[in-house]
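Below is one structure, written out as structure tokens; the observations come after it.
The values are calculated or read from the model by the stated rules, or taken from the named source; none is laboratory data. Source: prediction; values computed, not measured. Backbone-built Cβ (ideal geometry, glycine too); neighbour counts: all protein chains shown. Note: areas computed on protein heavy atoms with side chains; ligands, DNA, RNA excluded. Shrake-Rupley method; radii C 1.70, N 1.55, O 1.52, S 1.80 Å.
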Amino acid sequence: MRPMYRVDVTAPMRPMRHVPGYLWAQDGLGVSLVSDAPIAGLHGLANHARDLMGEPS
């Protein structure tokens with residue numbers, strides 16, 4: 001893991017192209033959530049993971 005200095009440190013969630021999954025960047029951390037097979041709730045799970053990342057610890 002490495003911080004993204006001098007780069008857009010936040011990017012909206014978007015679907016991946018060649019595998020079932022989603023990726024986004026939040027506060028300098030690039031994140032991807034992938035599956036080896038299509039999963040109906042994967043987008044909802046990715047949204048939940050992103051929301052949890054935004055909560056204070």
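Summary table below
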| quantity | calculated |
| --- | --- |
| Restricting segment 40-57 to residues that are open to solvent by 80 Å² or more (accessible area, probe 1.4 Å) and at pLDDT 85 or above, the residue that is nearest to M13 (Cα to Cα) | H43 |
| Candidate set from segment 8-35 (those that are in a loop (DSSP other than H, G, I, E, B) and free of Cβ contacts under 8 Å to residues at least 12 places away in the same chain); member that is most open to solvent (accessible area, probe 1.4 Å) | R17 |
